[in-house]
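The values are calculated or read from the model by the stated rules, or taken from the named source; none is laboratory data. From a predicted model like this one, the values you see are computed outputs, not experimental measurements. Note: ideal-geometry Cβ built from the backbone for every residue, glycine included; neighbour counts use all protein chains shown. Accessible surface is based on the protein model in full, side chains and every heavy atom, while ligands, DNA and RNA are left aside. Shrake-Rupley method; radii C 1.70, N 1.55, O 1.52, S 1.80 Å.
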Amino acid sequence: MKNVLAVLFVFFVLTINQAFAYNMKTFSSDVKIISALNLLEQSGEHDVFSNLRKNAVKVKFATLPYGNVYAANTYDNYGRRVILINTTYKNAPVEQIACLIAHESCHVARKATLEEETIATSKEAACWAKLKRQGVTYPQTKLTKRLNNLCELHTASIQDGNNYIEDKIASSGFYRSQYGIN
């Protein structure tokens, strides 16, 4: 009887896992992006997929107009949401691509707010802290430096209760002009 129950339990667990697995091809056709999405799923970042599904978001690489833009959450010509990852980072490690997707998945408003940008950037930093593999030397690119910096700010924020990521965003000239902060 115990063997039958054990078999039924295993079957049930496997069936449930399959039922909750995401079809990554609904979000992207790019192999690298699908790998990043799989990594997010394996690390339990289900809120990312909740946002992507709820807003029917597609993710792809694209040439972005400004070199310092890592990724953007925007709309296509038909009004559908799309996350564009700068092609500059197409060869970045999959963990870094996953962090950019996690960040952009947090944007739901047509125009980002300081609060939404803080949440998205904190999510990106938390994902990097979780996904960055110990003992791996990542290429010293602008993206790696950004993620390491955000991770340090995120860790410091958790330790002393200050929101250093929000402070950094609020003091940025780019975001100050975007959000009308004086």
Please find, within segment 72-96, the residue that is nearest to the chain's Cα centre (by Cα) out of those that are charged (D, E, K, R) and buried (at least 19 other Cβ atoms within 10 Å of the Cβ).
-> Glu95
Starting from segment 28-46, take each residue that is polar (S, T, N, Q) and list its partners that are in a helix (DSSP H, G or I), counting only C-beta distances under 6 angstrom and pairs at least six apart or across chains.
-> Ser28/Ile34; Ser35/Val94; Ser43/Lys130
Among the residues of segment 133-162, write down those that are surrounded by fewer than 15 Cβ atoms within 10 Å (Cβ to Cβ) and assigned to a loop (DSSP other than H, G, I, E, B).
-> Arg133, Gln134, Gly135, Val136, Thr137, Pro139, Gln140, Gly161, Asn162
Segment 106-132, subset farther than 19 Å from Tyr175 by Cβ and in contact (Cβ under 8 Å) with a residue 40 or more places away in the chain, residue surrounded by the most Cβ atoms within 10 Å (Cβ to Cβ) = Cys127
Among residues of segment 112-132, those that are assigned to a loop (DSSP other than H, G, I, E, B) and modelled with pLDDT of 95 or more, counted | 1
Can you confirm whether segment 28-37 contains a residue that is of a type outside the set (Lys, Arg), closer than 20 Å to Glu117 by Cα and open to solvent by less than 30 Å² (accessible area, probe 1.4 Å)?
-> no
Return yes when Asn68 is surrounded by fewer than 12 Cβ atoms within 10 Å (Cβ to Cβ), part of a loop (DSSP other than H, G, I, E, B) and modelled with pLDDT of 95 or more and no when it is not.
-> no
